[in-house]
Amino acid sequence: MSQKTTPDNWTFVFIVLLIVSCFGCGPKQMARLSHGLPTYSQDQQVTQNVFKMRIEEAYWANELDMSVSLPMGTPIAEETKTLMPKVKPEAEFLVVVISITNTGNKPVGMTPLWFSLKNEQGVEYALCDRAGHHKFVGNLGPTFNPNMPVKDRIVFDVPKDNYYLVVSRGTNPGGRFLVERGPDMFRWRLSPVDKL
């Protein structure tokens, strides 16, 4: 006489399969299962296809001059910089400088990236609108020449807290010019220093 498979039996089978699949995982895969996203410390370099990405620095600031609205690396005379108006945050500015390098042997375009902050309670914050130009964010992703790091500064206006920088791929549904948030790729646990 054969035994019928009841919902309780299916639950048992599912739990056994889940346990068996987890034993086959290494520590990195287990971290992905427990957190949902690969998580790296701020000082860890992340490789996605031919791109190496790393955080150069992260810091808190209670004001920024308007040079943050210019592309990073734009030459500005010191006299001009001192005349630029200061921007004050609603809470605190969290500034993150990111470097991306194409490790391949030919120029490669990159889909625009989407950055957001999440605190440990899961509250999410978008980039600060008043912080200006972002190379890695926008309607068209930049083209990267081989072995030439490109830096960009992204700024958030958020309360002081512990944060993860979540990196998502931008999507362009239907060929429109508007880039939307795509799937999350990974996150960095930030440990910013004070420059208040």
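For the stretch 93-122, the set of residues classified as out of contact with any helix residue (DSSP H, G or I) (no Cβ under 9 Å at 6 or more places or on another chain), among the hydrophobic types (A, V, I, L, M, F, W, C) and under 21 Å from Ala61 (Cα atoms) consists of Leu94, Val96, Val97, Ile98, Phe115, Leu117, listed by residue number. Here the stretch 76-95 is the region considered, the condition is being of a type in the set (A, V, I, L, M) and not in a loop (DSSP other than H, G, I, E, B), and the residue that is nearest to Asp65 (Cα to Cα) is Val87.
Restricting the stretch 167-192 to residues that are among the hydrophobic types (A, V, I, L, M, F, W, C) and touching a Leu at 6+ places or on another chain (Cβ under 7 Å) leaves a set whose member that is modelled with the lowest pLDDT is Val167. Can you tell me which residues in the stretch 58-69 are touching a residue at least 60 places away in the same chain (Cβ under 8 Å) and either part of a strand (DSSP E or B) or aromatic (Phe, Trp, Tyr) (or both)? Across the stretch 58-69, the qualifying residues are Ala58, Tyr59, Trp60, Ala61, Leu64.
Of all residues in the stretch 101-128, which are assigned to a strand (DSSP E or B) and surrounded by 13 or more Cβ atoms within 10 Å (Cβ to Cβ)? Within the stretch 101-128, Thr101, Asn102, Val108, Leu113, Trp114, Phe115, Ser116, Leu117, Lys118, Asn119, Tyr125 meet the criteria. Looking for something surrounded by 15 or more Cβ atoms within 10 Å (Cβ to Cβ) and modelled with pLDDT under 80 - is there at least one such residue anywhere in the stretch 88-100? No.
For the stretch 68-87, taking the residues that are of a type in the set (S, T, N, Q) and farther than 15 Å from Lys151 by Cα, the one that is surrounded by the fewest Cβ atoms within 10 Å (Cβ to Cβ) is identified as Thr82.
State which residue is modelled with the highest pLDDT when the search covers only the stretch 129-156 and only residues that are among the aliphatic types (A, V, I, L, M) and part of a loop (DSSP other than H, G, I, E, B).
Step one: list which residues in the stretch 129-156 are among the aliphatic types (A, V, I, L, M), which gives 131, 137, 140, 148, 150, 154-155.
With part of a loop (DSSP other than H, G, I, E, B) added as a condition, the list becomes 137, 140, 148.
Details: Val137: 57, Leu140: 50, Met148: 91.
This residue is Met148.
Report, by residue number, each residue of the stretch 52-93 that is out of contact with any His (no Cβ under 7 Å at 6 or more places or on another chain) and of a type in the set (S, T, N, Q). Answer for the stretch 52-93, where residues must be out of contact with any His (no Cβ under 7 Å at 6 or more places or on another chain) and of a type in the set (S, T, N, Q): Asn62, Ser67, Thr74, Thr80, Thr82.
The values are calculated or read from the model by the stated rules, or taken from the named source; none is laboratory data. Computed from a predicted structure; not experimentally measured. Ideal geometry is used to build each Cβ from the backbone, glycine not excepted, and the neighbour counts take in all protein chains shown.
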